[in-house]
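The values are calculated or read from the model by the stated rules, or taken from the named source; none is laboratory data. Model, not experiment: these values are computed from the prediction. All Cβ positions, even for glycine, are placed from backbone atoms using ideal geometry, and neighbour counts span all protein chains on display.
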Amino acid sequence: MNFRTEDRDQLLSAYLDGQTSPREQARVAALLEDDPVARSDLQTLTYTRQLLAETPRVPVPRAFTLNESMVGVRRPERAGWLAWLQPAHLRLATAMMAILLVVLVAGDFGTRWQASGHTSASALVAPAGGLALDQGDPTGITAAKTATTESGIASPATFLGLPQTTLLALEVGLAILVLLLLAAGWRMTRA
Amino acid sequence: MDEQRLIEAASRGDLAAFNQLVMSYQAMAYNLAFRILGTGDSAQDATQEAFIKAYRNLGQYRGGSFKAWLLRIVTNACYDYLRQVQRRPTSSLDDLSADPEYTGQLIDPLEAPSDYALRQELSTLIQRGIASLPIEQRTVLVLSDIEGLSYEEIAQAMDTSLGTVKSRLSRARAKLRDYLLERQELLPSRYRLGND
């Protein structure tokens, strides 16, 4: 069996530590039987390892415990009801708020887009109706205008039926909350 | 309090809990630093720095062997120390290879003076042999054969693969063996090969 010296040393070293597979153990057994140099190497490696194991431990010269001045400003302990708060909780809250924000913005945008399409269609239809009314009854013009106004130009449909200003305030508020949660999570992890 | 609870408390900023962990691991951390750096002063600096870093970075500990995680920080602190020494023109790496105060650090009141002297000779020679190894082989040898870590723990402590651990350990042992065999006459007779 031919081995490079380095491969043989690695195999014997792993064999010493019981870190060889059954196949490698068989190779070592064959090697030790055939090769007196390998037997000598195993003996000297064992000897080296024993010497290292007998090397006295160095006594610790002093305690390495920390005090507050060593670690800088002490992190305020989260007392009471905040003590349970872990980075994982913050990550979960951040993800939930971010999802809510995306749903709100997407819903708001979608509703506005649909409303603008509906308004355009109404605008195309209204002149014809208006013309008919105009032809039949001049007083109907006012009625048609009123109906058009009520159907969506002055009061467009909004997401979840919420007023546009409320939606905008919610979106901005949620965005700020997500940013604050991200900053708190980053600080908690870094601290 | 068990180790996991201490780690959780320490990660919430409880310094007293962290100091209990320090007391459990300081001997191992200091010995590793001493064997890598070779002098008591540098080992003290690196060990202290490592515990400060460990406290500040406890949030990054993701479970597994806390010992291996901590020894990785100690190892990195030693490497940082060596890099600083290399950059400093007034110091030399040779200064780290022998510590005249080392003799005084190994006094064991329970050991007979003659035994102590023998072990002292052995220890000095082995420390010189370890210091002659490349830094990564030195680290893996100390973690395995002096500190008794498993291959898996060493791989975690050195952020490397099992294969690399095996190969570095084998090369380190072979080099140290050659070093010691060349200096058999310097070893106490009890420790010479063939005197079992």
In this structure, does residue B:156 turn out to be over 25 Å from residue B:83 (Cα atoms) and at pLDDT below 95? no
Quick test of your reading of the structure: residue B:64 fulfils all but one of (1) in a loop (DSSP other than H, G, I, E, B); (2) surrounded by 21 or more Cβ atoms within 10 Å (Cβ to Cβ). Name the failing condition by number. (2)
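Here is a yes/no grid of residues against (1) closer than 30 Å to residue B:28 by Cα; (2) within 8 Å of chain B (Cβ to nearest Cβ):
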position	(1), (2)
A:14	yes, yes
A:18	yes, no
A:36	no, no
A:49	yes, yes
A:67	yes, yes
Sole miss for residue B:64 among (1) more than 10 Å from every other protein chain (Cβ to nearest Cβ); (2) touching a Phe, Trp or Tyr at 6+ places or on another chain (Cβ under 7 Å); (3) of a type outside the set (A, V, I, L, M) is condition (2)
How about segment A:3-15: which of its residues are surrounded by fewer than 19 Cβ atoms within 10 Å (Cβ to Cβ) and either modelled with pLDDT of 95 or more or not in a loop (DSSP other than H, G, I, E, B) (or both)? A:5, A:6, A:7
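Filter segment B:39-82 down to the residues that are basic (Lys, Arg) and under 15 Å from residue B:138 (Cβ atoms) and list them by number.
Residues of segment B:39-82 that are basic (Lys, Arg), as a first pass: B:53, B:56, B:62, B:67, B:72.
Those that are basic (Lys, Arg) and under 15 Å from residue B:138 (Cβ atoms): none in segment B:39-82.
For (1) under 14 Å from the mean Cα position of the chain (by Cα); (2) within 13 Å of residue B:157 (Cβ to Cβ); (3) not acidic (Asp, Glu), each residue gets a yes or a no:
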position	(1), (2), (3)
B:37	yes, no, yes
B:40	yes, no, yes
B:49	no, no, no
B:52	no, no, yes
B:70	yes, yes, yes
B:74	yes, yes, yes
B:78	yes, yes, yes
B:83	no, no, yes
Determine whether segment A:126-133 contains at least one residue that is within 14 Å of chain B (Cβ to nearest Cβ) and either modelled with pLDDT of 80 or more or surrounded by 15 or more Cβ atoms within 10 Å (Cβ to Cβ) (or both). no
Of all residues in segment B:155-177 being touching a residue at least 24 places away in the same chain (Cβ under 8 Å) and either farther than 19 Å from residue A:47 by Cα or out of contact with any helix residue (DSSP H, G or I) (no Cβ under 9 Å at 6 or more places or on another chain) (or both), which is nearest to the other protein chains (Cβ to nearest Cβ)? B:165
Filtered residues of segment B:20-54 (kept if within 7 Å of chain A (Cβ to nearest Cβ), under 16 Å from residue B:149 (Cβ atoms) and of a type in the set (Gly, Ala, Ser)): B:27
Among the candidates B:80, B:108, B:14, B:95, residue that is surrounded by 13 or more Cβ atoms within 10 Å (Cβ to Cβ) and modelled with pLDDT under 90: B:95
All conditions in (1) at the interface with chain A (Cβ under 9 Å from one of its Cβ atoms); (2) farther than 15 Å from residue A:17 by Cα; (3) without any contact (Cβ under 8 Å) to a residue 40 or more places away in the chain are true of residue B:187 except (3)
